[in-house]
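To start, the structure under review is shown below, and the notes come after it.
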Amino acid sequence: MTAATTPETGTETVVALAGVDKWFGPLHVLQGIDLTVHRGEVVVVIGPSGSGKSTLCRAINRLETIDNGSITLEGRPLPQEGKELARLRSDVGMVFQSFNLFAHKTVLENVTLGPIKVRGTKRTDAEKRARELLDRVGVGQQAAKYPAQLSGGQQQRVAIARALAMDPTLMLFDEPTSALDPEMIKEVLDVMVDLARGGMTMIVVTHEMGFARTAADRVVFMSDGAIVEESTPDDFFTNPRSERAQDFLGKIL
Ligand code: ADP
Ligand code: MG
């Protein structure tokens with residue numbers, strides 16, 4: 001079964017970008033981006049380096065401001081600052097290429113910190129849930145260790161558990177496996193496939209075609225700050241329409 005047929009994919013809009021522009025000085029890095037992601041949908045974003053994929057993710061999490069257009073999460077515009085912004089950041093789980101764990105906290109503390117500080121969850125409840133999540137991503141045995149004692153693949157799975165602990169509305173993955181040794185890529189992708197099958201709404205920037213084919217409902221191809229093509233994984237990989245997509249696929253496949 002592919003994600004495209006999972007019953008969780010609904011018509012309710014989780015995130016909607018309309019006419020989003022972003023400049024870095026003279027550089028027009030997002031050019032009129034329109035993108036809507038529905039509840040339970042898995043959207044894979046691919047495209048050449050420098051095409052604006054990370055900026056897109058960062059804009060959705062409001063790590064970057066935008067210059068034109070709008071971004072709404074569950075129908076509400078992204079908050080500008082303060083408590084509301086902190087809340088948004090925890091509603092949108094983000095997993096980066098670098099693992100970004102707190103080096104001086106244990107694995108368990110990395111996962112409980114957000115729920116305790118931001119959500120006001122009681123420590124015992126937060127720890128119980130954290131252990132469940134660590135088990136789910138296959139690192140339950142590592143709870144008492146520090147990030148440096150873990151492999152890259154284990155650290156990335158802890159980062160996923162940490163994001164999940166906040167019960168996010170949406171998960172953003174920005175090339176989550178590209179800093180990993182080949183033998184660790186699969187263990188992280190397996191966790192992501194599991195999440196996708198479980199109905200999580202996800203935007204995933206990745207060049208892992210296997211993941212896209214298995215888990216994506218839709219592939220969005222970006223080039224030079226614009227969405228050039230949007231289709232099902234099957235369509236995109238077997239029959240890319242634009243020359244830029246054909247070019248790109250020719251280089252990576
Ligand atoms: P991708 O993730 O697709 O590789 P990015 O979103 O990281 O692309 O970058 C898009 C473009 O914006 C690139 O040309 C990059 O050099 C530029 N860029 C990204 N972040 C900044 C920044 N903070 N300041 C200036 N230019 C930036
Ligand atoms: Mg990037």
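The values are calculated or read from the model by the stated rules, or taken from the named source; none is laboratory data. Bear in mind that the values here come from a model prediction, so they are computed numbers and not experimental data. Note that we place each Cβ from the backbone using ideal geometry, even for glycine, and neighbour counts take in every protein chain shown.
Descriptive notes on the structure:
- Filtered by the rule that a residue be of a type in the set (S, T, N, Q) and either within 16 Å of ligand 2 (Cβ to nearest atom) or without any contact (Cβ under 8 Å) to a residue 60 or more places away in the chain (or both), the range 175-205 gives Thr177, Ser178.
- The range 42-74, subset on the phi > 0 side of the Ramachandran plot and at pLDDT below 95, residue farthest from the chain's Cα centre (by Cα): Glu74
- Criterion violated by Val193 - all others in (1) surrounded by fewer than 21 Cβ atoms within 10 Å (Cβ to Cβ); (2) under 14 Å from the mean Cα position of the chain (by Cα); (3) assigned to a strand (DSSP E or B); (4) β-branched (Val, Ile, Thr) satisfied: (3)
- Selected residue [in a helix (DSSP H, G or I), away from ligand 2 (no atom under 16 Å from the Cβ) and on the phi < 0 side of the Ramachandran plot] from Pro115, Pro168: Pro115
- Of the residues contained in the range 125-144, none is found to be modelled with pLDDT under 95 and of a type in the set (Lys, Arg).
- Test: Arg123 is under 16 Å from the mean Cα position of the chain (by Cα), away from ligand 1 (no atom under 16 Å from the Cβ) and charged (D, E, K, R): no
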